[in-house]
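Notes follow once the structure below has been shown.
The values are calculated or read from the model by the stated rules, or taken from the named source; none is laboratory data. What you see is a predicted model; the values in this text were computed from it and never measured. Using ideal geometry, Cβ is built from the backbone for each residue, glycine included, and neighbour counts are taken over all protein chains shown. Areas reflect the complete protein model, heavy atoms only, side chains present, ligands, DNA and RNA absent. Shrake-Rupley method; radii C 1.70, N 1.55, O 1.52, S 1.80 Å.
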Amino acid sequence: MPLVVFCGLPYSGKSRRAEELRRALAAEGRVVYVVDDAAVLGTEDATVYRDSAREKALRGALRAAVERRLSRHDVVILDSLNYIKGFRYELYCLARAARTPLCLVYCIRPGGLSGGPREAVAADNRGQNLSVSWKPRTEERGRPLAAGSSVLREPQTVDFVVSGRTQSDVPKELEQEETKAPDLPALVTPDKSAKRVSSAFYPPELMEALMLRFEAPDSRNRWDRPLFTLVGLEEPLPLAEIRAALFENQAPPPHQSTQSQPLASGSFLHQLDQVTSQVLAGLMEAQKSAVPGDLLKLPGTTEHLQFTRPLTMAELSRFRRQFISYTKMHPNNENLPQLANMFLQYLSQSLH
């Protein structure tokens with residue numbers, strides 16, 4: 001069954017959206033597994049993103065957890081930052097190998113109303129390097145707002161969501177404590193209706209580093225589509241579109257190089273060489289007395305080859321080598337009785 005990848009910076013509502021999607025799918029009788037940082041670490045720890053080695057180990061653990069759960073029967077939701085496009089590509093490869101669809105849900109924090117000069121710069125840069133949604137749904141002041149806008153790079157213009165309220169609704173005492181107490185329990189209070197809500201504290205310097213490292217999704221990349229962009233927590237989750245992307249779309253086609261080849265006997269190549277040699281010898285003998293327009297019956301075949309012109313042995317040998325090269329890439333014992341007819345069809349298409 002499908003894979004749903006949530007992407008976004010901390011405090012963007014990923015965990016709440018993931019829980020909302022989980023409840024909606026579970027209400028339909030589907031088995032849903034949620035994989036997040038807390039499930040892998042045991043307890044969510046934001047300091048893991050300070051150390052590149054620990055963060056790499058975390059991504060490996062998340063990928064392994066998704067791979068264990070990924071199947072054609074269950075829905076897997078990955079609730080993490082997933083801000084590196086290379087890691088999202090690895091998740092796409094996992095879904096492709098499992099032959100199951102996937103989609104990406106990109107969560108963005110809403111921008112503040114009074115950001116000073118930096119807010120003006122952000123407004124001037126709006127629309128540059130945007131990530132286009134699969135079906136844009138968000139509007140701001142009557143205008144469509146696409147993913148990847150400057151709100152990601154303007155920490156001063158972002159209102160953190162605390163228990164469903166914006167920063168302007170939080171008491172001044174909490175704002176003062178945030179700046180001087182590094183051991184605060186959380187900026188986001190767990191919602192009683194949600195099982196998993198982010199409770200890790202991300203210091204301002206870590207938030208700034210994550211913003212600089214963030215690689216916004218782009219629907220032009222095959223591993224980032226279908227892409228759903230959500231700004232804030234007030235916008236309704238596009239459940240109908242997500243269901244269509246997960247349960248009505250076809251899975252990404254697997255690479256041919258990663259697929260197991262059909263079993264073939266040890267004598268397959270010998271029989272292939274012998275059958276094609278007999279067809280060529282019969283064709284060289286039959287064309288001696290044939291005129292253009294005749295239908296030639298060759299040994300080992302049940303079909304006929306229309307004779308159009310005399311063929312040289314060098315030309316026929318080249319067609320034979322091409323046919324053998326192609327057939328060796330797809331060996332199958334079931335094709336043994338039809339090798340002569342297959343070679344005859346290949347000659348007919350090559351000559352005409």
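Computed values, structure above
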{"item": "Residue count, the stretch 38-62 (criterion: under 29 Å from E235 (Cα atoms) and in contact with a Leu (Cβ under 7 Å, 6 or more places away or on another chain))", "result": "3"}
{"item": "Single residue of the stretch 69-97 satisfying the filter (among the aliphatic types (A, V, I, L, M) and out of contact with any strand residue (DSSP E or B) (no Cβ under 8 Å at 6 or more places or on another chain)) that is modelled with the lowest pLDDT", "result": "A97"}
{"item": "Residue in the stretch 14-33 that is open to solvent by 10 Å² or more (accessible area, probe 1.4 Å), touching a helix residue (DSSP H, G or I) at 6+ places or on another chain (Cβ under 7 Å), in contact (Cβ under 8 Å) with a residue 12 or more places away in the chain and not hydrophobic (A, V, I, L, M, F, W, C) present", "result": "yes"}
{"item": "One residue from Q256, Q271, Q278 being in contact with a helix residue (DSSP H, G or I) (Cβ under 9 Å, 6 or more places away or on another chain), open to solvent by 50 Å² or more (accessible area, probe 1.4 Å) and modelled with pLDDT under 80", "result": "Q256"}
{"item": "Positions within the stretch 51-65 being open to solvent by 30 Å² or more (accessible area, probe 1.4 Å) and either in a helix (DSSP H, G or I) or not assigned by the TED database to the domain that holds A18 (or both), in sequence order", "result": "S52, A53, R54, K56, A57, R59, A61, R63, A64"}
{"item": "Failed condition for R30, given (1) on the phi > 0 side of the Ramachandran plot; (2) in contact with a strand residue (DSSP E or B) (Cβ under 6 Å, 6 or more places away or on another chain); (3) among the charged types (D, E, K, R)", "result": "(1)"}
{"item": "Tally, over the stretch 296-352, of residues that are more than 16 Å from V275 (Cβ to Cβ) and among the aliphatic types (A, V, I, L, M)", "result": "6"}
{"item": "Selected residue (only one of R68, R72 is open to solvent by 50 Å² or more (accessible area, probe 1.4 Å) and not in a helix (DSSP H, G or I))", "result": "R72"}
{"item": "Residue within the stretch 290-302 that is more than 16 Å from L339 (Cα to Cα), touching a strand residue (DSSP E or B) at 6+ places or on another chain (Cβ under 6 Å) and open to solvent by 60 Å² or more (accessible area, probe 1.4 Å) present", "result": "yes"}
{"item": "Given (1) in contact (Cβ under 8 Å) with a residue 40 or more places away in the chain; (2) over 20 Å from G8 (Cβ atoms); (3) not hydrophobic (A, V, I, L, M, F, W, C), index of the condition D45 fails", "result": "(2)"}
{"item": "Of all residues making up the stretch 13-32, the number that are over 19 Å from T229 (Cα atoms) and among the charged types (D, E, K, R)", "result": "3"}
{"item": "Qualifying residue in the stretch 331-340 (condition: modelled with pLDDT of 85 or more and of a type in the set (D, E))", "result": "no"}
{"item": "Any hit, the stretch 89-98, residues being of a type outside the set (D, E, K, R), closer than 15 Å to P2 by Cβ, open to solvent by 10 Å² or more (accessible area, probe 1.4 Å) and in a loop (DSSP other than H, G, I, E, B)", "result": "no"}
{"item": "Unmet requirement for V197, which otherwise passes all of (1) aliphatic (A, V, I, L, M); (2) at pLDDT below 85; (3) more than 28 Å from V76 (Cα to Cα)", "result": "(3)"}
{"item": "Evaluation of A38 against (1) over 22 Å from the mean Cα position of the chain (by Cα); (2) open to solvent by 40 Å² or more (accessible area, probe 1.4 Å) (one fails), failing number", "result": "(2)"}
